[in-house]
Amino acid sequence: MTIIASLLSEARLPDSPSARLDAELLLAAALGKPRSFLHTWPERVVSGEAAELYASYLARRRNGEPVAYILGRQGFWSLDLEVAPHTLIPRPDTELLVETALALVPAAPARVLDLGTGSGAIVLALACERPLWRLIGVDRIDDAVALAERNRVRLQLDNVEFRESHWFSTLGAERFDLIVSNPPYIAARDPHLDEGDVRFEPSSALVSGADGLDDIRLIVSAAPAHLNAGGWLLLEHGYDQAAAVRELLARQGFEAVESRRDLGGHDRISLGRLPC
Ligand code: GLN
């Protein structure tokens, strides 16, 4: 007979930076209960079946697989999202993009585009906070579009639409008041690609040329043709790319160009406004 408390204290995840949290999330999932259940019922006996499922989850985690992919779920903003290995796992850092977009653009009706939407995390968070906005999320990968659409349906958000598109490729002459993106921005040879969760994430969502800026260059140069006068472009980027991204925005004619820091103190997003 095994109880919850000992299954948690005996979990061995030596390579995980968040071992205790991982074990709790995996055991709660194996039991089909919320995490709070573990703290309320530490002495509860766990069935053989649930214990076995938990052991298989731990083995996958020991092999480096991200908890979000094992569970097929990840929290972002106020949302519980389905995630899968063909999309990036939404990061807390990216909530800065959502927060900044909400602060810049009024709650009045606006047209909003999310480029490379993946699981739909950013655009669904915005849609949930701003019922008057009309939003589109695009992704080049059809599996990502299908996943984002499943998240939309489950969250019952009717003001968002998802489309397959490589950046602006299928958007014709459509214009928006706000364009947001968390594009791939890691340099092709960055050694960080061989560590932690990113090893399991799709390189199409991570890697962008020799300096990591290929896609950001493309987006910045194409964005003015898809923004209304006074419209905003907000981009997430690497901790050491802020100056380069601000320079690209300024050269493209954007005004009010600035960067904002994430909770770790790194410049994580840069933004600019098309002149009125
Ligand atoms: N923030 C992710 C990481 O560094 C990368 C995400 C991205 O390339 N858009 O792990």
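The values are calculated or read from the model by the stated rules, or taken from the named source; none is laboratory data. A quick note: this is a predicted structure, and the numbers were derived from the prediction, not measured. Positions of Cβ are backbone-derived with ideal geometry, glycine not excepted, and every protein chain shown enters the neighbour counts. Side chains included, ligands, DNA and RNA excluded: accessible areas come from the protein's heavy atoms. Shrake-Rupley method; radii C 1.70, N 1.55, O 1.52, S 1.80 Å.
Test each condition in (1) charged (D, E, K, R); (2) in contact (Cβ under 8 Å) with a residue 60 or more places away in the chain; (3) in contact with a Lys or Arg (Cβ under 8 Å, 6 or more places away or on another chain) for Glu201 and report the one that comes out false.
Going through the list (1) charged (D, E, K, R); (2) in contact (Cβ under 8 Å) with a residue 60 or more places away in the chain; (3) in contact with a Lys or Arg (Cβ under 8 Å, 6 or more places away or on another chain), Glu201 breaks only (3).
Counting just the residues of the stretch 95-108 that are of a type in the set (Gly, Ala, Ser) and in a helix (DSSP H, G or I), which one comes out least open to solvent (accessible area, probe 1.4 Å)? Even if it seems obvious, please write down each step before you answer.
Step one: filter the stretch 95-108 for residues of a type in the set (Gly, Ala, Ser), giving 101, 103, 107-108.
Next, only the ones that are in a helix (DSSP H, G or I) stay: 101, 103.
On the way: Ala101: 0, Ala103: 84 Å².
It comes out as Ala101.
May I ask you to list pairs of residues, at least six apart or on different chains, whose Cβ atoms are under 6 Å apart, with the first in the stretch 226-237 being more than 18 Å from Asp262 (Cβ to Cβ) and the second being open to solvent by less than 10 Å² (accessible area, probe 1.4 Å) and among the β-branched types (Val, Ile, Thr)?
Between residues of the stretch 226-237 that are more than 18 Å from Asp262 (Cβ to Cβ) and residues that are open to solvent by less than 10 Å² (accessible area, probe 1.4 Å) and among the β-branched types (Val, Ile, Thr), the close pairs are Leu233/Ile179.
Return the pair list, or none, for Cβ contacts closer than 7 Å from residues in the stretch 260-274 that are of a type in the set (Asp, Glu) to residues that are open to solvent by 40 Å² or more (accessible area, probe 1.4 Å), at least 6 apart or on different chains.
Pairs found: Asp262/Asp93; Asp267/Tyr239; Asp267/Arg261.
Specify which of the listed residues (Ala210, Ala242) is under 30 Å from Pro85 (Cβ atoms), within 16 Å of the ligand (Cβ to nearest atom) and over 21 Å from the mean Cα position of the chain (by Cα).
When all the criteria are applied, what remains is Ala210.
Take Arg111 and tell me if it is open to solvent by 50 Å² or more (accessible area, probe 1.4 Å) and among the basic types (Lys, Arg).
Yes, satisfied.
Considering only residues that are among the acidic types (Asp, Glu) and either open to solvent by less than 20 Å² (accessible area, probe 1.4 Å) or in a strand (DSSP E or B) (or both), which ones fall in the stretch 61-81?
Across the stretch 61-81, the qualifying residue is only Asp80.
Please determine whether any residue of the stretch 128-144 is β-branched (Val, Ile, Thr), farther than 21 Å from Arg73 by Cα, away from the ligand (no atom under 16 Å from the Cβ) and outside any strand (DSSP E or B). I'd like the intermediate steps shown before the answer.
So in the stretch 128-144, the residues β-branched (Val, Ile, Thr) come out as 136, 138, 141.
Right, trim to farther than 21 Å from Arg73 by Cα and you get 136.
Filter again for away from the ligand (no atom under 16 Å from the Cβ), leaving 136.
Filter once more, so that each one left must be outside any strand (DSSP E or B): none.
No.
Looking at the stretch 170-189, which of its residues are without any contact (Cβ under 8 Å) to a residue 60 or more places away in the chain and either within 9 Å of the ligand (Cβ to nearest atom) or over 26 Å from Leu271 (Cα atoms) (or both)?
Of everything in the stretch 170-189, those that are without any contact (Cβ under 8 Å) to a residue 60 or more places away in the chain and either within 9 Å of the ligand (Cβ to nearest atom) or over 26 Å from Leu271 (Cα atoms) (or both) turn out to be Tyr185, Ile186, Arg189.
List the pairs whose first member sits in the stretch 45-59 and is under 16 Å from Leu13 (Cα atoms) and of a type in the set (Phe, Trp, Tyr), whose second member is open to solvent by less than 50 Å² (accessible area, probe 1.4 Å) and in a loop (DSSP other than H, G, I, E, B), and whose Cβ atoms are under 7 Å apart, counting only residues at least 6 apart or on separate chains?
Partner pairs satisfying both residue conditions: none exist.
Regarding the stretch 148-169, can at least one residue be identified that is within 16 Å of the ligand (Cβ to nearest atom), part of a helix (DSSP H, G or I), open to solvent by 30 Å² or more (accessible area, probe 1.4 Å) and of a type in the set (A, V, I, L, M)?
The answer is no, given that none of the residues of the stretch 148-169 is within 16 Å of the ligand (Cβ to nearest atom), part of a helix (DSSP H, G or I), open to solvent by 30 Å² or more (accessible area, probe 1.4 Å) and of a type in the set (A, V, I, L, M).
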